[in-house]
Amino acid sequence: MIDSGIGIKEENKTKLFKLFGFVSDSAHMNTSGIGLGLVISSQIVEQFEGSIKFESKFGKGSTFSFKVKLGQASEVEAEEDALLVKEEQVQVN
């Protein structure tokens, strides 16, 4: 996911994947979150032997991505699911 928002300061990056950890660098940001989303996402990704990473520059925005280990599809499933999207980027404004 690519976020063109305010980005994350270096000293706040360690808060993101902690339970109830969130960053509040701006009065204009969404303050309704309680700091669970990335923790839950991380746990799900870990169940699939994967990882989540992110890059962020304060004042520029952030990019979050994940990789997971998926099983091999059978030949029939692969043919039926030929339009499977392997990687997708979503722009959040």
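Any idea which of Gly71, Gly61, Gly50, Gly37 is of a type outside the set (Ser, Thr, Tyr) and farther than 28 Å from Ile6 by Cα?
On the way: Gly61 fails: farther than 28 Å from Ile6 by Cα; Gly50 fails: farther than 28 Å from Ile6 by Cα; Gly37 fails: farther than 28 Å from Ile6 by Cα.
Gly71 is the lone residue from the list that is of a type outside the set (Ser, Thr, Tyr) and farther than 28 Å from Ile6 by Cα.
If you go through the range 18-36, how many residues are modelled with pLDDT of 80 or more and either assigned to a helix (DSSP H, G or I) or under 17 Å from Ser62 (Cα atoms) (or both)?
0
Would you point out which residue out of Val68, Val39 is touching a Leu at 6+ places or on another chain (Cβ under 6 Å), among the β-branched types (Val, Ile, Thr) and modelled with pLDDT of 85 or more? Step through it out loud before you land on a result.
Details: Val68 fails: touching a Leu at 6+ places or on another chain (Cβ under 6 Å).
Being touching a Leu at 6+ places or on another chain (Cβ under 6 Å), among the β-branched types (Val, Ile, Thr) and modelled with pLDDT of 85 or more holds for just one of Val68, Val39, which is Val39.
The values are calculated or read from the model by the stated rules, or taken from the named source; none is laboratory data. Remember, predicted model here, so these are calculated numbers, not experimental data. For neighbour counting, all protein chains shown are included, and Cβ atoms are generated from backbone atoms with ideal geometry for every residue, glycine included.
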